[in-house]
Amino acid sequence: MSGPRTAVVVNPAKVADIAQLKKAIGDGLRKAGWPEPRWYETTPEDPGRGQAKQAVSDGAELVFACGGDGTVTAVVTALAGTDVALAVLPAGTGNLLAANLGLGTDPATGLQVALDGGRRRIDVGAIDDRCFVVMAGMGFDAQMLEDTSERAKKHIGWLAYVGGGAKHLLDRPMRVRIRLDGGAPMPRRPRAVIIGNVGRLQGGVRLLKKAVPDDGKLNVAILSPSNLAHWIALAFAVVRKRERVPLMESYTASRVEIYSNRAQSRQLDGDLISPGKAMKIHVRPKALLLCVPQPDADPDLAHDADAVAERAQNL
């Protein structure tokens with residue numbers, strides 16, 4: 001066998017037929033001359049961090065994360081700072097990292113990316129003892145996640161988030177102070193503060209157009225719409241890829257601190273964490289070795305993902 005030793009950390013609740021998935025992944029790896037993977041199932045108590053650490057301890061050189069946002073975030077946290085590569089096998093309605101890699105919801109495309117050999121060291125954001133790859137947020141984006149049902153996501157995919165967000169469009173703004181790289185506090189009354197390493201939201205919409213995944217910086221977006229017309233103008237500019245987005249301030253920093261006068265909803269890579277009055281985030285430069293579509297040096301992690309999907313049809 002010439003390929004690396006692999007492991008699959010899988011959330012069984014996100015996979016309709018896990019036996020079929022195991023056969024498909026095993027057959028695909030065997031066909032490429034890679035050894036049979038070891039499988040580790042997540043539990044409600046441990047969404048994947050402990051399983052990924054065990055996989056590394058057992059000798060894995062590449063770990064596939066198969067599940068939703070929570071599974072991927074847990075595996076990222078376990079692998080950050082190691083030389084073990086992460087590959088994403090999207091499951092269920094997919095996840096934010098899969099969207100930024102252009103993988104859609106097809107595990108075969110994620111497998112093909114790993115087999116093609118594209119590898120890139122990218123930054124991760126860290127808050128307390130947890131890491132994220134795509135974006136963290138406080139305010140509206142986390143509220144939207146809270147009010148989007150799993151049933152709706154299962155039936156209509158990422159469009160379900162539109163319904164969850166609509167419930168909070170006219171909520172009152174937050175009162176926050178934001179510090180970037182230890183600078184002077186910036187008082188703001190935003191609806192959301194988003195800290196990102198790469199820029200795509202669900203559905204492929206690119207919010208942070210200038211985000212570069214390995215520049216040692218995080219991109220900060222402060223969104224301050226106050227009525228429905230403001231939301232429409234902001235959304236239109238983002239979808240139309242306008243250079244200037246109204247009611248959105250953009251910055252870059254390696255350390256970001258957000259302090260609110262009351263507890264706010266918070267999320268990491270689309271996975272809710274407990275509400276809090278603060279978020280203190282710093283960047284860990286090039287801490288994660290990630291399997292990406294070729295060419296692996298392109299600033300857009302999803303470059304040529306369509307060609308990968310075509311090759312994956314053979315799997």
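Here are a few things to note about the model shown:
- GLY165 vs. criteria among the small types (Gly, Ala, Ser) and out of contact with any Gly (no Cβ under 9 Å at 6 or more places or on another chain): yes
- Exclusive hit being out of contact with any His (no Cβ under 7 Å at 6 or more places or on another chain), small (Gly, Ala, Ser), closer than 16 Å to ILE18 by Cα and surrounded by 23 or more Cβ atoms within 10 Å (Cβ to Cβ), set ALA78, ALA74, ALA91: ALA91
- Any hit, segment 276-295, residues being closer than 15 Å to ASP128 by Cα, open to solvent by 10 Å² or more (accessible area, probe 1.4 Å) and either of a type in the set (Ser, Thr, Tyr) or assigned to a loop (DSSP other than H, G, I, E, B) (or both): no
- Verdict on LYS209 being surrounded by fewer than 15 Cβ atoms within 10 Å (Cβ to Cβ), over 17 Å from the mean Cα position of the chain (by Cα), at pLDDT below 95 and more than 19 Å from THR148 (Cα to Cα): no
- Residue list for segment 203-235, restricted to those being touching a residue at least 12 places away in the same chain (Cβ under 8 Å) and among the small types (Gly, Ala, Ser): GLY203, GLY204, ALA211, GLY216, ALA221, SER224, SER226, ALA233
Matching residues to (1) assigned to a loop (DSSP other than H, G, I, E, B); (2) modelled with pLDDT of 95 or more; (3) over 26 Å from GLY68 (Cα atoms); (4) over 20 Å from the mean Cα position of the chain (by Cα):
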site: ASN219; (1), (2), (3), (4): no, yes, no, no
site: SER226; (1), (2), (3), (4): yes, no, yes, yes
site: ILE232; (1), (2), (3), (4): no, no, yes, yes
site: ALA237; (1), (2), (3), (4): no, no, yes, yes
site: VAL245; (1), (2), (3), (4): yes, no, yes, yes
site: GLU249; (1), (2), (3), (4): no, yes, yes, yes
site: ILE258; (1), (2), (3), (4): no, yes, yes, yes
site: ALA263; (1), (2), (3), (4): no, yes, no, yes
site: ARG266; (1), (2), (3), (4): no, yes, no, no
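- Listed here are the helices (runs of 4 or more DSSP H) enclosed by segment 115-205 that have at least 1 residues being at negative phi and among the acidic types (Asp, Glu): 140-146, 150-156.
- Each residue in segment 41-65 was checked for being in a strand (DSSP E or B) and either at pLDDT below 95 or open to solvent by 10 Å² or more (accessible area, probe 1.4 Å) (or both), and 1 of them qualify.
- Of all residues in segment 14-33, at least one satisfies being within 22 Å of LEU201 (Cα to Cα) and not acidic (Asp, Glu).
- Residues in segment 95-109 include none that are in contact (Cβ under 8 Å) with a residue 12 or more places away in the chain, open to solvent by less than 10 Å² (accessible area, probe 1.4 Å), more than 27 Å from THR252 (Cβ to Cβ) and not β-branched (Val, Ile, Thr).
The values are calculated or read from the model by the stated rules, or taken from the named source; none is laboratory data. Predicted, not measured: the structure shown is a model, and the values here were computed from it. Neighbour counts run over all protein chains shown; Cβ positions are idealised from the backbone, glycine included. Note: areas computed on protein heavy atoms with side chains; ligands, DNA, RNA excluded. Shrake-Rupley method; radii C 1.70, N 1.55, O 1.52, S 1.80 Å.
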